Amino acid sequence: MKSLLIVVLLGLGMWVNAADRPNIVWIFSDDHSYQTIGAYGGRLQKLDPTPNIDRLAREGMRFDRAYVGNSICAPSRATLLTGKHSHMNGKYDNRVPFNHDQQQFQKILRENGYQTIMVGKIHLNGQMQGFDYWEVLPGQGKYYDPDFVTEAGKTKHTGYVTDIITDKALDWLENKLDANKPFMLMIHHKAPHRTWQPAERHMEKYADIEIPEPDNLFDDYSTRTTAAHEQDMTIDKTMRMEHDLKVGGRYANNKQYGARNEWFETNTPKGRNLVKWKYQTYMKDFLRCIWAVDENIGRVLQTLEDQGLADNTIVMYSSDQGFYMGEHGWFDKRFMYEESFRTPLIVRWPGRIKPGSVNTDLVQNIDFAETFLDLAGAPIPGDMQGKSLVPLLEGNTPKDWRESLYYHYYEYPAVHSVRRHEGVSNKRFKLIRFYGPDVPNGEEWELFDLEKDPSEMNNTYNNPENAGKIKSLEKELNRLKEQYQVPAEGKAVSCE
Ligand SMILES: [Ca+2]
């Protein structure tokens, strides 16, 4: 009846009243690469890894050019909540504290009549603010029998983390919502974060399938600068047998990984064959974790229908960044190269988004907070740094929409040894500047033509023909730094 009323009101060209503002279900995962989403196509599509996420894309909009500003977990989440780049919200790496007292979109949503609920992984230590209810994993959280933290303290749970997070969300949808208010329900998964531990029911999935390799699994980094040569995130050298691949040590006699251990002991691959085996094993564990995420998204979609909420609820799916699925021989993220700079973004909004639409505008995680506020009809603070995606969702990209993106990664020296870098990217070209400790001469540059070289194998910065292009990209980088108020190098980033 309620949805019929909305249809009638929309039909009359009238905007619905406050009580009919859309609900938002914001499903988010940790390290989910676009390469492992069926709707994005690519070499893994035929494995059909994500039937429910694909359904969201069929019924909604897929963003092909969604990016982050700093490709690492906690800073990405801080950007999501604040609508600001890392240097403005102060959470520029995984180690510095996040100031919860600062402005965040959910506080404003709540002040404007939304019920706000957050369950799952947030990876920001301290008490959450602006939520009617929050229940989160401590730090990285655990895959099996995880603890959760609420305002009241820590509680222990039995089961698989992706299922438990969804159970909590469904409990809200079925039993706890205030029927007089629209809601924002954030369902934020730990999966498929390292060390890629699947639910027991998915341990055999893809067992007899050969996962296609990327063309650059054995990248030698020629043409790239020091950062690519000296990172510590290769499947070959960095990925660990026991910790990541569950072979040997505490897994030697583990029932779940018994067949894998037995196979390895008998065959013991070496050299390139070992890298290929590690790639297969990593990919299968990763895809198994995704399978549980996708299955649980299916449960959420079904519950929205069962509760009569589907028509007036926007469902958005994204991740805190992308991830390397063996491209460049890597796992992990951090670099400004496409696989980790980009992130999946799929949105379903019945009646407002044309089903099956694809958007190729440059969007970034600084846009999410403003989008939520815009959807809610709430005021958008002038110091947020993104733009609302609502016009894009409705198929009306503004003429002055951004044509370039700013990126900045700070966490070095640190795990995985990715040098600090910043850069600018438009739809065609990307200019990256590595700088700081352990970068020869203080800085090194890379230039890529994303059209001619989508895998970013050929750094053409030193080609004299590109001098003009580099000059204009540098100018654009400086313009973005001024626009986003990036502090001069060596000056502390804001932490107010
Ligand atoms: Ca992450």
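The values are calculated or read from the model by the stated rules, or taken from the named source; none is laboratory data. No experiment lies behind these values; they were computed from the predicted model shown. Cβ sites come from the backbone with ideal geometry, for glycine too, and all protein chains shown count toward neighbours. Remember, those area values only see protein heavy atoms, side chains included, never the ligands or the DNA or RNA. Shrake-Rupley method; radii C 1.70, N 1.55, O 1.52, S 1.80 Å.
Out of (1) outside any loop (DSSP other than H, G, I, E, B); (2) of a type outside the set (Gly, Ala, Ser); (3) surrounded by fewer than 16 Cβ atoms within 10 Å (Cβ to Cβ), the odd one out for Glu210 is which?
If we test Glu210 against (1) outside any loop (DSSP other than H, G, I, E, B); (2) of a type outside the set (Gly, Ala, Ser); (3) surrounded by fewer than 16 Cβ atoms within 10 Å (Cβ to Cβ), just (1) comes out false.
Given the criteria within 16 Å of the ligand (Cβ to nearest atom) and either small (Gly, Ala, Ser) or touching a residue at least 24 places away in the same chain (Cβ under 8 Å) (or both), does Gly308 qualify?
It is false that Gly308 is within 16 Å of the ligand (Cβ to nearest atom) and either small (Gly, Ala, Ser) or touching a residue at least 24 places away in the same chain (Cβ under 8 Å) (or both).
Quick check: is even one residue across segment 340-347 in contact (Cβ under 8 Å) with a residue 60 or more places away in the chain, more than 21 Å from Pro22 (Cα to Cα), hydroxyl-bearing (Ser, Thr, Tyr) and outside any loop (DSSP other than H, G, I, E, B)?
Among the residues of segment 340-347, at least one is in contact (Cβ under 8 Å) with a residue 60 or more places away in the chain, more than 21 Å from Pro22 (Cα to Cα), hydroxyl-bearing (Ser, Thr, Tyr) and outside any loop (DSSP other than H, G, I, E, B), which makes the answer yes.
Would you point out the residue of segment 162-217, among those that are within 30 Å of Asp311 (Cβ to Cβ) and small (Gly, Ala, Ser), that is farthest from the ligand (Cβ to nearest atom)?
Going through the qualifying residues, I end up with Ala179.
Output the residues belonging to segment 312-326 that are more than 11 Å from the ligand (Cβ to nearest atom) and either touching a Cys at 6+ places or on another chain (Cβ under 7 Å) or open to solvent by 10 Å² or more (accessible area, probe 1.4 Å) (or both).
Passing the criteria: only Asn312.
Can you tell me which residue is farthest from Asp320 (Cα to Cα) among those in segment 146-191 that are of a type in the set (A, V, I, L, M) and part of a strand (DSSP E or B)?
Among those residues, the one meeting the criterion is Val149.
State which residue pairs qualify: first residue under 16 Å from Thr223 (Cα atoms) and inside segment 435-447, second residue part of a helix (DSSP H, G or I) and modelled with pLDDT under 95 in any location, beta carbons under 9 Å apart, and separation of 6 or more residues or different chains.
none
Do you know which of the residues in segment 76-97 that are within 16 Å of the ligand (Cβ to nearest atom) and open to solvent by 20 Å² or more (accessible area, probe 1.4 Å) is farthest from Glu422 (Cα to Cα)?
Top of the filtered list is Arg95.
I'd like to check something: does segment 437-458 contain any residue that is open to solvent by 30 Å² or more (accessible area, probe 1.4 Å) and touching an Asp or Glu at 6+ places or on another chain (Cβ under 6 Å)?
no
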